[in-house]
Amino acid sequence: MQDHGWEPWVMEKIAAGRQLFRNAVLETPEDYRTDQELRRPQPPLAKAPRTDSALDLPKDFRDLDIDGDFLSILNRRKSHRVYTDAPVSLSALAYLLWCTQGVKSVRGKSYATLRTVPGGGARHPFETYLAVRKVEGLQPGLYHYLPMTHQLEFLGAPENLEGLIGASLLDQRWGEKASVVFYYSCVFYRAEWRYGVQAHPTVLIDSGHVTQNLYLAATSIGLGGCAVASVDGPLADRAFGLDGEEETIFYAMPVGTVSPDDREAEDAFYAFVRQEGL
Ligand SMILES: Cc1cc2nc3c(=O)[nH]c(=O)nc-3n(C[C@H](O)[C@H](O)[C@H](O)COP(=O)(O)O)c2cc1C
C-alpha cells in the first residue's frame, strides 16, 4: 500500500475497506462451497411480521401527481436537507416504499423476490424501517415495511422521536425535520446463503440501487431527501429491536416536503466551499 503517513490502525481499516473491492471467491480454497451449493435450507425472502396489526398500503398511485419525464427527474434530483412543515400523504409514502423495495413477483415457489430494484442473485437482503414524524393518517413512531404484502407494521412510539432521529444520524440534526426517515438494515444470511464470502460487496453495491430509486421516486412527486451513510447503527438497531449481528442498520434517508424558498438554507450546507476557496 502506498505510504500516506497513516497510523497502523488506519492502514488496517483502509486495507479491510479495499478488500471489499476484490472478489473474495478468488482467494478461497478450491473446495469452498456456499450454503446454497451445500443445499442448506434457504432463509426467508423477507422478515415475518413482528405484530399482528399490519396496515394495508395503497398500490394505486393515480392520486399522486407523478412526473413521468425521466430526464426531468434526473436533472431535478438533488439532495435535500431542508424540509417544510407540510406532511407527506400516506399514498406518497406507499409509493416510495413500492418504488424502493416493492415485490413485483416471486421467482419459483419461493426462490427469490423480483422487486422494483435489481439485486445480486435477487437476494434482496434489506429490510426497510421508518421513523414516521409527519405522514397523514399515521401515528408518529417507528414502523417496519412488509414487502411481501405491501403493508406497514407499527413497532412503537419512542418518547423523543426527533432526538432519536438526530442521534441515529450521528447528530445530523437537519434530519429531525424530515417527514419520514427511511432506515435500511441488512439481514446478512439472506445474501451469505447464496454468495458466502463474496456476499458483502454485492450487498453494499445493491444498497445504492435502493436509495437511488428513493431519490428518483421522491423527486418524481415533488419530495426531497438525502442519503445518509453516517448512521449510528447500534443505536438504530436498539430502537428498532434488531440484534446488530444477524441484522444491522447501515444506511438511512430522511425524506420530506421541500420548497424552492429554502434554496438559500440548502446552499448554506456548502457555504464552506466558497469560504475555504475550494
Ligand atoms: C452513500 C451516500 C452517503 C451519503 N451520506 C451523507 C451524509 O451522511 N450526510 C449528508 O449530509 N449527505 C450525505 N450524502 C449526500 C451527498 O453528500 C450528496 O449526494 C452529494 O453531495 C451530491 O449532491 P447531490 O445528491 O445533490 O447531487 C450521501 C450520499 C450517498 C450516495
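Selection of the range 215-235 for residues being away from the ligand (no atom under 15 Å from the Cβ) and closer than 30 Å to Phe61 by Cα yields Ser220, Ile221, Gly222. Screening Asp243 with (1) more than 18 Å from Leu97 (Cβ to Cβ); (2) within 14 Å of the ligand (Cβ to nearest atom); (3) surrounded by fewer than 17 Cβ atoms within 10 Å (Cβ to Cβ) gives one miss only, at (2). Sort out which residues of the range 80-131 are more than 15 Å from Tyr215 (Cα to Cα) and charged (D, E, K, R), and write them in order of number. Passing the criteria: Asp85, Lys104, Arg107, Lys109, Arg115, Arg123, Glu127. Checked against (1) over 18 Å from the mean Cα position of the chain (by Cα); (2) under 30 Å from Ile66 (Cβ atoms); (3) among the charged types (D, E, K, R), Glu159 passes all but condition (2).
Taking the listed residues Tyr183, Tyr129, the one that is within 14 Å of the ligand (Cβ to nearest atom) and closer than 16 Å to Gly241 by Cα is Tyr183, with no other qualifying. Note on the range 251-278: among residues that are more than 10 Å from the ligand (Cβ to nearest atom) and within 23 Å of the chain's Cα centre (by Cα), the one that is farthest from Thr84 (Cα to Cα) is Val255. Would you pick out the residues in the range 199-209 that are within 11 Å of the ligand (Cβ to nearest atom) and surrounded by 16 or more Cβ atoms within 10 Å (Cβ to Cβ)? If the condition is that a residue be within 11 Å of the ligand (Cβ to nearest atom) and surrounded by 16 or more Cβ atoms within 10 Å (Cβ to Cβ), then Ser207 is the only one that fits.
Every residue, every condition in (1) touching a residue at least 60 places away in the same chain (Cβ under 8 Å); (2) within 28 Å of Leu142 (Cβ to Cβ); (3) within 16 Å of the ligand (Cβ to nearest atom); (4) buried (at least 19 other Cβ atoms within 10 Å of the Cβ), yes or no:
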position: Glu37; (1), (2), (3), (4): no, no, no, no
position: Leu55; (1), (2), (3), (4): yes, yes, no, no
position: Asp65; (1), (2), (3), (4): yes, no, no, no
position: Ile73; (1), (2), (3), (4): yes, no, yes, no
position: His80; (1), (2), (3), (4): yes, yes, yes, yes
position: Ala92; (1), (2), (3), (4): yes, yes, no, yes
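Here Gln212 meets each of (1) within 16 Å of the ligand (Cβ to nearest atom); (2) modelled with pLDDT of 95 or more; (3) more than 30 Å from Asp65 (Cβ to Cβ) with one exception, condition (3). Sub-8 Å Cβ pairs linking a first residue in the range 176-191 that is without any contact (Cβ under 8 Å) to a residue 12 or more places away in the chain and closer than 17 Å to Trp98 by Cα to a second residue that is of a type in the set (A, V, I, L, M, F, W, C) and not in a helix (DSSP H, G or I), at least 6 apart or interchain, number zero.
Within the range 1-41, being in a loop (DSSP other than H, G, I, E, B), over 14 Å from Val197 (Cα atoms) and not hydrophobic (A, V, I, L, M, F, W, C) holds for Gln2, Asp3, His4, Gly5, Glu7, Arg39, Arg40, Pro41.
Considering Arg238, Arg173, the condition of being without any contact (Cβ under 8 Å) to a residue 12 or more places away in the chain, within 16 Å of the ligand (Cβ to nearest atom) and more than 16 Å from the chain's Cα centre (by Cα) is satisfied by Arg173 alone. Can you find a residue that is in a strand (DSSP E or B), aromatic (Phe, Trp, Tyr) and either surrounded by fewer than 22 Cβ atoms within 10 Å (Cβ to Cβ) or more than 17 Å from the chain's Cα centre (by Cα) (or both) anywhere in the range 143-154? Within the range 143-154 (the criterion being in a strand (DSSP E or B), aromatic (Phe, Trp, Tyr) and either surrounded by fewer than 22 Cβ atoms within 10 Å (Cβ to Cβ) or more than 17 Å from the chain's Cα centre (by Cα) (or both)), the answer is yes, since at least one residue qualifies.
The values are calculated or read from the model by the stated rules, or taken from the named source; none is laboratory data. Bear in mind that the values here come from a model prediction, so they are computed numbers and not experimental data. When we count neighbours, we look across all protein chains shown, and the Cβ atoms used for this are built from the backbone with ideal geometry, even at glycine.
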